[in-house]
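So the structure is just underneath, and the comments pick up after that.
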Amino acid sequence: FLPERSNLSGVRHILLVLSGKGGVGKSTISTELALSLRHSGRKVGILDVDLCGPSIPRMFKVQDNDVHQCDSGWVPVFVDQDKSISLMSIGFLLEKPDDAVVWRGPKKNALIKQFVADVAWGDLDFLIVDTPPGTSDEHISTVEALRPYQPLGAILVTTPQAVSVGDVRRELTFCKKMGLRVLGIVENMSGFVCPHCSECTNIFSKGGGEELAKHAGVPFLGCVPLDPQLSQSLEEGRDFIQEFPKSSAFPALAHITQQILDGTSQQSS
Amino acid sequence: AALVLQLSLSVADCPGTGSAQAGRAAACQGCPNQRLCAAGAAVTDPAEAAELRERLRGVKHTVVVLSGKGGVGKSTFSALLAHGLAADEAKQVALLDIDICGPSIPKMMGLEGEQVHQSGSGWSPVYVEENLGVMSVGFLLSSPDDAVIWRGPKKNGLIKQFLRDVDWGEIDYLIVDTPPGTSDEHLSIVQYLSAAHIDGAVIITTPQEVSLQDVRKEINFCHKVKLPIIGVVENMSGFVCPKCKNESQIFPPTTGGAEKMCQNLNVSLLGKVPLDPQIGKSCDKGQSFLSEAPESPATSSYRNIIQRIQEYCDQHHFQEEKII
């Protein structure tokens, strides 16, 4: 049963960014993917369903914006004049940025249902859904609410070390149980090249993400290195893709975006 | 006119399903659980509360390790705090992992694959050393691929069981490792442990604003539930290249790092710990980084922080005794 005319009718592809593990770069990858897609001429939305730790607004420097209502629902926050990236996050709904959202599951679930149904996205090429870590209320509710709209699938983010990979294995099980296709695994924070002497140090180990992809039989989308310019860009809400094309993380991020685009063109043909 | 949406969170906090206010507080308006709570369905049985109190009677000090942010090193710190405190063989230490979806503690303590045994007196913690016992949902899963896909109420139930059914015995320090956020697990542990008492919370962050913005929320959570804050630890605080010895700020403190935040919010900064590739390696191997890399600057940072926590707990105890 597909709702006749819904706020997601104009969205061509929905993809989720998941991890079992916290702090591996889900919001970072969601942000950079959106920026890359924009640079390739696509219209992108990001739905941030991390209700306790909403990182997305700040990564686009729009954390002080408000959400307005229109006839069809809630108007997403546009990142700039050309309206090619729009966002929705609980971050925009907080009176004070330091307010803690101390909600139990049922209340979180109610807001997530609203986020999925009531945001007037309009026409989008991609809707990226950024999630908190885990396999709990937010994840179950989001996947169930999105099911009628047939999401493209999920990108799973991990860091290289075994402690992260251990949680991401569980997330793979979650995807299988919920019938969510896995588009691939990204190994983030994979190596650090010293900007002074170019020595590469594997601060969080190396290879775990690639190995997991092989073991689980899912595509490996690539390794993204630790890049202080990327961290700085995110802190300041800047467009890393536009401003730092020579930076060490850029080629990997561009490659991940290209694989997503190739995947969708394969799907339509 | 376009309406601006805003959540007025000052009245929107869940009072807790076990609280006398459950279903009745202003915050309960509109919550899907309201009717259940108001009907008393979720109120903690006073007999149950008494049972928890009895079970936790032998626990001298409890420290909860929190962060608003994921991946900043809560579990790493909890494991090292446990090892650090258990170095004194005269002390009995327990490490409770209430991260139900992403239980990292078994791996970090070298206990992967261990199972929980039951006896007449309850569930047995899994022992790393004679004086260091561990409990985690990880021990209840049969495969590393098993996912715990549970909604809040079921997670709360397991946390209650961990406190009620585990035969902890007499413990000097109970360390509770938590998942990121400010949700069911955090509300529940504060509620259930109120039967014992919590000395305080140690809050972990990394230097950059994207972490600090979540950690400020966690600090507010602590204030709201009246959980004392022992202090903040700033992890991943700079990286010194092993080859050229230059320092890089991989996670830059663009808004002043934990130091500025602690000043602004009037909480203690317990210490800063630099990045060291050996930390992740030791965690993956299930070994104590403090023993594996005793010369690392990160080790001395961790040891100083552990000592400050110990001093805080001892003072606390002393003050309690004075009252009696």
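The values are calculated or read from the model by the stated rules, or taken from the named source; none is laboratory data. Because the structure is predicted, anything quoted here is derived from the model rather than measured. Heads up, the Cβs are rebuilt from the backbone with ideal geometry, glycines too, and the neighbour counts pull from every protein chain shown.
Residues in region B:104-117 that are at pLDDT below 95, part of a loop (DSSP other than H, G, I, E, B) and either among the β-branched types (V, I, T) or surrounded by fewer than 24 Cβ atoms within 10 Å (Cβ to Cβ) (or both): B:E112, B:G113, B:E114, B:Q115, B:V116. Of everything in region A:165-214 that is of a type in the set (D, E, K, R) and within 12 Å of A:G20 (Cβ to Cβ), the residue that is nearest to the chain's Cα centre (by Cα) is A:E171.
Could you tell me whether A:L51 is over 23 Å from A:A252 (Cα atoms) and under 15 Å from the mean Cα position of the chain (by Cα)? Considered against the rule, which asks whether it is over 23 Å from A:A252 (Cα atoms) and under 15 Å from the mean Cα position of the chain (by Cα), A:L51 comes out as yes.
Residues are listed down the side, and each one gets a yes or a no for (1) under 23 Å from B:K154 (Cβ atoms); (2) touching a Cys at 6+ places or on another chain (Cβ under 9 Å):
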{"site": "A:M59", "(1), (2)": "no, no"}
{"site": "A:V101", "(1), (2)": "yes, yes"}
{"site": "A:A120", "(1), (2)": "no, yes"}
{"site": "A:T131", "(1), (2)": "yes, no"}
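Scan region B:63-103 for residues that are polar (S, T, N, Q) and modelled with pLDDT of 95 or more and jot them down. B:S75, B:T76, B:S78, B:Q92 - these are the residues of region B:63-103 that are polar (S, T, N, Q) and modelled with pLDDT of 95 or more.
Scanning region A:173-223 for residues that are of a type in the set (D, E) and in contact with a Phe, Trp or Tyr (Cβ under 8 Å, 6 or more places away or on another chain), which turns out nearest to the other protein chains (Cβ to nearest Cβ)?
Restricting to residues being of a type in the set (D, E) and in contact with a Phe, Trp or Tyr (Cβ under 8 Å, 6 or more places away or on another chain), the top hit is A:E187.
Working carefully through the options A:P195, A:P245, find the one that is free of Cβ contacts under 8 Å to residues at least 12 places away in the same chain and not polar (S, T, N, Q). Selected residue: A:P245, the only one of A:P195, A:P245 that is free of Cβ contacts under 8 Å to residues at least 12 places away in the same chain and not polar (S, T, N, Q). On the basis of being more than 13 Å from chain B (Cβ to nearest Cβ), surrounded by fewer than 24 Cβ atoms within 10 Å (Cβ to Cβ), modelled with pLDDT of 95 or more and assigned to a helix (DSSP H, G or I), does A:L37 make the cut? Yes: the conditions hold for A:L37. Scanning region A:211-224 turns up no residue that is out of contact with any strand residue (DSSP E or B) (no Cβ under 9 Å at 6 or more places or on another chain), crowded, with 20+ Cβ neighbours inside 10 Å, modelled with pLDDT of 95 or more and more than 25 Å from B:V148 (Cα to Cα).
Does region A:151-170 contain at least one residue that is aliphatic (A, V, I, L, M), more than 14 Å from chain B (Cβ to nearest Cβ) and closer than 28 Å to B:G68 by Cβ? Yes, there is a match, as at least one residue in region A:151-170 is aliphatic (A, V, I, L, M), more than 14 Å from chain B (Cβ to nearest Cβ) and closer than 28 Å to B:G68 by Cβ. Quick one: in region B:95-120, of everything that is among the hydrophobic types (A, V, I, L, M, F, W, C) and under 11 Å from B:E185 (Cβ atoms), which residue is farthest from the other protein chains (Cβ to nearest Cβ)? Filtering region B:95-120 for residues that are among the hydrophobic types (A, V, I, L, M, F, W, C) and under 11 Å from B:E185 (Cβ atoms), the one farthest from the other protein chains (Cβ to nearest Cβ) comes out as B:I98.
Just one residue in the set A:V17, A:V24 is part of a loop (DSSP other than H, G, I, E, B), under 13 Å from the mean Cα position of the chain (by Cα) and modelled with pLDDT of 95 or more; that residue is A:V24. Per the conditions (1) within 8 Å of another protein chain (Cβ to nearest Cβ); (2) farther than 21 Å from B:I309 by Cβ; (3) in contact (Cβ under 8 Å) with a residue 60 or more places away in the chain, the sole criterion not satisfied by B:Q208 is (3).
Pairs linking a residue in region A:45-66 that is within 15 Å of A:K83 (Cα to Cα) and facing chain B (nearest Cβ under 8 Å) to a residue that is outside any loop (DSSP other than H, G, I, E, B) and not β-branched (V, I, T), with Cβ atoms under 8 Å and 6 or more positions apart or on different chains, do not occur.
Of the residues making up region B:284-291, none is within 12 Å of another protein chain (Cβ to nearest Cβ) and without any contact (Cβ under 8 Å) to a residue 40 or more places away in the chain. Against the list (1) more than 14 Å from chain A (Cβ to nearest Cβ); (2) surrounded by fewer than 21 Cβ atoms within 10 Å (Cβ to Cβ), the condition B:M135 fails is (2). The residue that is modelled with the highest pLDDT, counting only those in region B:183-205 that are more than 7 Å from chain A (Cβ to nearest Cβ), touching a Pro at 6+ places or on another chain (Cβ under 9 Å) and under 16 Å from B:D97 (Cα atoms), is B:A201.
Restricting to region A:225-236, what's the tally of residues that are facing another protein chain (nearest Cβ under 8 Å), buried (at least 17 other Cβ atoms within 10 Å of the Cβ) and acidic (D, E)?
Residues that pass the stated criteria total 1.
Residues in region B:150-175 that are crowded, with 17+ Cβ neighbours inside 10 Å and among the basic types (K, R) were compared, and the one that is farthest from B:D99 (Cα to Cα) is B:R164.
Does region A:69-92 contain any residue that is more than 12 Å from chain B (Cβ to nearest Cβ), out of contact with any strand residue (DSSP E or B) (no Cβ under 8 Å at 6 or more places or on another chain) and either at positive phi or aliphatic (A, V, I, L, M) (or both)? Within region A:69-92 (the criterion being more than 12 Å from chain B (Cβ to nearest Cβ), out of contact with any strand residue (DSSP E or B) (no Cβ under 8 Å at 6 or more places or on another chain) and either at positive phi or aliphatic (A, V, I, L, M) (or both)), the answer is yes, since at least one residue qualifies.
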